[in-house]
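The values are calculated or read from the model by the stated rules, or taken from the named source; none is laboratory data. Source: prediction; values computed, not measured. Note: ideal-geometry Cβ built from the backbone for every residue, glycine included; neighbour counts use all protein chains shown. Remember, those area values only see protein heavy atoms, side chains included, never the ligands or the DNA or RNA. Shrake-Rupley method; radii C 1.70, N 1.55, O 1.52, S 1.80 Å.
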Amino acid sequence: MARRLADVAKKVGVSEATVSRVLNGKSGVAEATRSRVLTALDVLGYERPTQLRGQRSRLVGLVLPELANPIFPAFAEVVGGALAQQGFTPVLCTQTAGGVSEAEYVELLLRQHVSGVVFFGGLYSQADSPHEHYERLAQRGLPTVLMNAAFEDLDFPQVSCDDAVAVEQALGHLLSLGHQRIGLLLGPPDHMPSRRKRVAAHEFATRTGLALPDSHIEHALFSLESGQAAAARLLQRGVTGIICASDPLALGAVRAARRRGLSVPGEVSVMGYDDSSFMTCTDPPLTTVRQPIEAMGRAAVDLLAGEIAGGQVSHDELLFAPELVVRSSTGPAA
């Protein structure tokens, strides 16, 4: 007990007597100080006294599927900063191969009495994955926001980039450069944003007369290596332009083209999606469709803060328009 008092007091910058008053539910402590002490208790991993366990901390879980794809750290930075401005402490929960699962992170966050959770590209975006832990959050009434969910069965506020607009921008760009044999390199078949992109691409092709056979559509895991393998199959079928569902997939497509002795963009044009960090520094700099990370992240925090405050928050999906960013990885059809 003495060590706990000392650790929390040091973390918050108050006396051990003040910490003791908070833990024992005594009066005479400012509400802001009380909140800081309880948050420090949670951050340091100490269990709250029984009489305080029903109170929410000022912690918010940020659950990410990985950090290798730079779009996820970028979202976490925006959301974490916006949360801090509103007096919340973000807790980063990143999944790794063989490590803590998303469902286990949910249980951990519930035990810590977090005020809310923001998910980035989680299992909710995969139709065939288990979703029971989201139902648990809903049953507990914990404020939760999903980023790029595209999933109608989960009754949470959702903030997404408009996949249909993104595909139309990408296809329109390649068509304007004279490409007629265009391939799509999407995420796994059960990935809901990828499904949206595929549907939008077929609708665009129908309107414009573009030929888009199933042989010009490949699915892959969201990694450079998987993108390279899938892009190689598209190149074998003679496509001259490849639209990818992420920037790492696009970098894999560039590698696949070069392994076949094809120049980018001289013989093959490649487009990414996200405009994540360092895409201006690749060789060639990557043409991509930019997600409005700043606007989406702040909207997610506003929705979450509104729910935490007990307000009525719309559960309709907020769609944000992407932006076409033209660089050197696309050029006229050979």
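Compute the distribution of all C-alpha to C-alpha distances in segment 77-217, in bins of 5 Å from 0, and list the percent of pairs in each, rounded to whole numbers.
Reading upward from the zero bin: 2, 8, 16, 17, 15, 12, 10, 8, 6, 4, 1, 0.
At what distance in angstrom do the alpha carbon centres of segment 80-148 and segment 269-317 lie from each other?
Using only Cα atoms, the two centres lie 17 Å from each other.
Could you please report the charge total around PRO70, scoring K, R as +1 and D, E as -1 over all other residues with beta-carbon less than 14 angstrom from its beta-carbon? It would help to have the intermediate numbers written out before the result.
On the way: positive: ARG290; negative: GLU66, GLU77, ASP247, ASP274, ASP275.
For residues surrounding PRO70, the net value is -4.
Share of Cα-Cα pairs in segment 232-319 beyond 23 Å, in percent? Each step should come with its number before you reach the end.
Values: 1605 of 3828 pairs.
Result: 42 percent of Cα pairs exceed 23 Å.
What whole-number value in Å² describes the accessible area per residue of the chain for a 1.4 Å probe? Could you put the intermediate results ahead of the total?
On the way: 14590 Å² over 334 residues.
With the other protein chains kept in place, the chain gives 44 Å² per residue.
In angstroms, what radius of gyration and Dmax does the chain have, counting Cα atoms only?
23.3, 77
Starting from the Cα of ARG260, step 7 Å toward the Cβ, then list every residue of segment 229-248 with an amide N under 14 Å from that point.
Within reach of a label on ARG260: 229-243.
On alpha carbon coordinates alone, what is the Rg over Rh value for segment 273-334, Rh being the Kirkwood radius? Intermediate results must be reported in sequence, preceding the final value.
Working: Rg = 17.0 Å, Rh = 14.1 Å.
Rounded to two decimals, Rg over Rh is 1.21.
Size of segment 157-245 along its principal axes in angstrom, Cα-based, largest extent first?
Largest first, segment 157-245 extends 40, 31, 19 Å along its Cα principal axes.
Which whole-number percent is the relative contact order of the chain (Cα, under 8 Å, 6+ apart)?
On the way: 612 pairs, mean separation 53.9, N = 334.
RCO, the chain: 16 percent.
Give me the Å³ per residue figure for the convex hull around the C-alpha atoms of segment 97-169.
Values: hull volume 7.7 nm³, N = 73.
Here the figure is 106 Å³ per residue.
Dipole size in debye (nearest 20) for the chain around its Cα centre, Lys and Arg Cβ +1, Asp and Glu Cβ -1? Kindly include the intermediate steps, with their values, before the conclusion.
Numbers: 30 positive and 35 negative charges, 191 e Å.
The dipole of the chain has a size of about 920 debye.
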